[in-house]
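Read-outs throughout are calculated quantities, based only on the coordinates presented, and are distinct from any laboratory measurement. Given the structure is predicted, the values throughout are model-derived calculations rather than measurements. Glycine also receives a Cβ, built like all others from the backbone with ideal geometry; neighbour counts cover every protein chain displayed.
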DNA sequence: GTTATCAGTTCACAATTTGTTAATACATAA
DNA sequence: TTATGTATTAACAAATTGTGAACTGATAAC
């Protein structure tokens, strides 16, 4: 089958299973990357940016749940599909897995047929809408669905990064965001940009909004305040 | 029963079964066309453009799955309902059948009652499009039932994809649709087309409408705005 | 059966916008 | 005053989109 253009990362410490899954998913037209433990999974995930990550729960270095938590904490992997592989069919780990932010889970022993149909179903399901809520603070309104910011009902056009930065700060008015936090949330952990970059964006936001709503906390970070 | 105006093609190599099905579906008010092997099925499908095609899996010349694949590969049959008839009740062929693009399947031996209810269900599923309402925004009107777009009462002819894209955007004025969302909604998850394809269609819509109603949100997507 | 036509797609490259950096000026606290 | 950290600006780099043309495959017309 020709490529579907979808990349899948599989992490499992059992070479046999890894191979079986890889073979079947490749045959289905997916591009497959493999990892043999948790650390490698995190690394390759950042490196290859897969559309779907299949994680064995039991793995050396870091287990599947840990890997999932690490990845989910980064903006770049907020939308990535994650599927757990587990020998434990008990309700407990199932629930915990899905709570961590997994999209589905499959219990071992694995039937390639079932796995494939689950994987296909996951991709089919991506028709989901990211329903984020509109923020309204005083005369400022931030609507992520419309990607629209208004001040006193007047439209203000922000660029993507500016918008994301403002939305982050405004989502927790009063809370100080460290520069590092901002970098992680808006830029993602793996991207390396200079410190001044944040300043520049902050400045543009202040400029465009014409509001004094972002407070500098020297030596710490920024916070939103109206 | 009077005609429902729905045409059904039945392909099966067993004359008895063919006759039984034909009799029962005719009695239900469907127009029935028959074929006794895969090749004839493909030919008659192209000839008569049925609304539903019932395919026996096991047939001479070409089996049902092959016929399905051939037809589904052609745009004219992307929307046509296809139902498999099979003596094999095993999971395998079921899964393969549905993945090939069939809409349902019925196992032999066939109960006319069950077959009819399945057929009716399929048409019911296709027919219910009550949410496809006419959109009217300012001097623009979009009628999905008639597949018609008018600007200031003047007809504008859009191609299918162009129409679908416009309808999607216009159905939620102001909301930004990410490029991925657009691909999923208009093209479907399994189809992989290049990024520029969306731009080209957007451009054609803008061109044909002569309205500045689609806003580009750089790095994010597009939204409808009037 | 050929040819013409059209929707849909891709490509190459232009046009534009956005993101980043680096250099410099400014502000503040010790 | 000095050390530290932030603001500002302009120049540059990178990313994204717009556009015309060409290509493909299916259908319609001849």
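Kirkwood hydrodynamic radius, the stretch B:135-224, all distinct C-alpha pairs: what's the number in Å? Please list the in-between numbers first.
Values: mean 1/r = 0.0756 Å⁻¹.
Computed over the stretch B:135-224, the radius equals 13.2 Å.
Distances, shortest first, from the label point of residue B:26 to those at the same position in the other copies read 5.4 nm; the point lies 7 Å along Cα to C-beta.
At 0.36 nm per residue, minus the direct Cα-Cα distance, what do residue A:193 and residue A:133 gain on full extension? Give it in nm, one decimal, please. Please list the in-between numbers first.
Working: separation 60, 0.36 × 60 = 21.60 nm, distance 2.87 nm.
Difference between extended and current length: 18.7 nm.
Please compute, for peptide B:179-185, the average count of beta-carbon atoms on other protein chains lying within 10 Å of each residue's beta-carbon.
That works out to 2 on average.
Judged by the mean number of other Cβ atoms found within 10 Å, the most tightly packed of the peptides B:178-187, B:5-14 leads the ranking B:5-14, B:178-187. Give me log10 I(q)/I(0) at q = 0.21 Å⁻¹ for the stretch A:32-74, Debye formula, one equal scatterer per alpha-carbon, no solvent. For the requested q values the scattering log ratios are -0.57.
If you build the convex hull over the alpha carbons only and average its shadow over all orientations, what do you get for the stretch A:172-226? Give it in nm² to one decimal. Mind showing how you got there, number by number?
Details: hull surface 14.8 nm².
Projected area, direction-averaged: 3.7 nm².
Once R0 is set to 51 Å, what does the formula 1/(1 + (r/R0)^6) return for the Cβ-Cβ distance between residue B:73 and residue A:150, expressed as a FRET efficiency to the nearest 0.05? Working shown, then result.
Details: r = 48 Å, r/R0 = 0.95.
FRET efficiency, residue B:73 to residue A:150: 0.60.
A Förster radius of 22 Å, combined with the Cβ-Cβ distance separating residue B:27 from residue B:49, puts the computed FRET efficiency at roughly 0.45.
The other copies place their residue B:193 label points at 3.2 nm from this one, listed shortest first, where each point is 7 Å from Cα along Cα→Cβ. Ranked by how many other Cβ atoms sit within 10 Å of their own Cβ, fewest first, the residues B:47, A:59 fall in the order B:47, A:59.
Here r is the Cβ-Cβ distance between residue A:61 and residue A:20 and R0 is 30 Å; the resulting FRET efficiency, rounded to 0.05, is 0.85.
For a label point 7 angstrom out from the Cα of residue B:218 toward its Cβ, which stretches of the stretch A:156-192 have the backbone nitrogen within less than 14 Å? Counting only backbone N, you get A:157-163. Take every Cα pair under 8 Å whose residues are at least 6 apart in sequence, average their separation, divide by the length of the stretch B:135-224, and the relative contact order is 29 percent.
Projecting 7 Å from Cα along the Cα-to-Cβ direction, the label point of residue B:76 sits 4.9 nm from its equivalents in the other copies, listed shortest first.
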